[in-house]
Amino acid sequence: MEGVTVVDHPLVGHKLSLMRDKRRSTKGFRQLLNEIGILLCYEVTRDLPIEMIEIETPMESMLAPQIAGKKLVFAPILRAGVGFLDGMLELVPSARVAHIGLYRDPQTLTAVEYYFKAPQDIADRLVIIMDPMLATGNSASAAAERVKEQGAKDVRFVCLLAAPEGIAKMRGDHPDIRIWTAAIDTKLNDHGYILPGLGDAGDRMFGTR
Ligand code: URA
């Protein structure tokens, strides 16, 4: 599928299966989301530009690669998106963080914003929006719209599970934004939940149900 990378590494698939199991504890679910966050971060940053700098090893000088440009911005969509954040920050500790507070109106399934705080110079940075579940795509699309309003030009989206409906919405609204996901599931149910999915990611992370 154009613009969509399915990270089908065996470790990711295995951990995702553990997460889908309804018997998984809150602690286990959170831990696994964190671990998959690290693995997805590795993939979404695979093609970052590098520059060569001169360094001295204990043996001699050499030209060595370092990541070029300004620090990344990780942009979790609250609340489930924060489940990815710690893992990603472990891998890229210097990244900046933008918080995007959106909730889904249960009747209309549209995204309603309640909080937004991002670095001022977001326009000069690669912004990686993250949310475990790409379901209707309404929240993802609204989050993308919001960071673009702030001037972001280079935006990527990372999720754990994507529904075909969510992918279609994102690709339609934001064809410039590439998507990374651990799996593409079958479809949405009438309440906008992904099937077979894993239930409500926020509730499972925080034990709120
Ligand atoms: N949000 C969730 O947490 N789960 C879904 O299946 C869809 C949206």
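Things worth noting here:
- A 1.4 Å probe run over the range 158-209, with the rest of the protein chains in place, finds 43 Å² accessible per residue.
- Taking 0.36 nm per residue of sequence separation and removing the Cα-Cα distance, the H14/D200 pair yields an extension gain of 65.0 nm.
- Here the Karplus relation 6.51 cos²θ - 1.76 cosθ + 1.60, evaluated at θ = phi - 60°, turns the backbone of the range 49-62 into coupling constants of x, 10, 10, 9, 10, 8, 10, 9, 7, x, 9, 6, 8, 8 Hz, with x for every Gly and Pro.
- Note on V4 and T110: with the Förster distance fixed at 22 Å, the Cβ-Cβ geometry gives a FRET efficiency of about 0.40.
- To put it simply, the accessible area of the chain at a 1.4 Å probe is 53 percent carbon and sulfur.
- At R0 = 35 Å, FRET efficiency that the Cβ-Cβ distance of E149 and E60 yields, to 0.05: 0.10
- Take the range 5-68 with all the other protein chains still there, run a 1.4 Å probe, and you get 68 Å² of accessible area per residue.
- Two-site label geometry, Q120 and R46: point separation in nm, points 7 Å out along Cα→Cβ: 3.7
- Relative contact order %, the chain, counting alpha carbon pairs below 8 Å whose residues are six or more apart: 22
The values are calculated or read from the model by the stated rules, or taken from the named source; none is laboratory data. What you see is a predicted model, and the numbers here were worked out from it, not measured in a lab. Glycine also receives a Cβ, built like all others from the backbone with ideal geometry; neighbour counts cover every protein chain displayed. Only protein heavy atoms, including side chains, enter the accessible area calculation; ligands, DNA and RNA are left aside. Shrake-Rupley method; radii C 1.70, N 1.55, O 1.52, S 1.80 Å.
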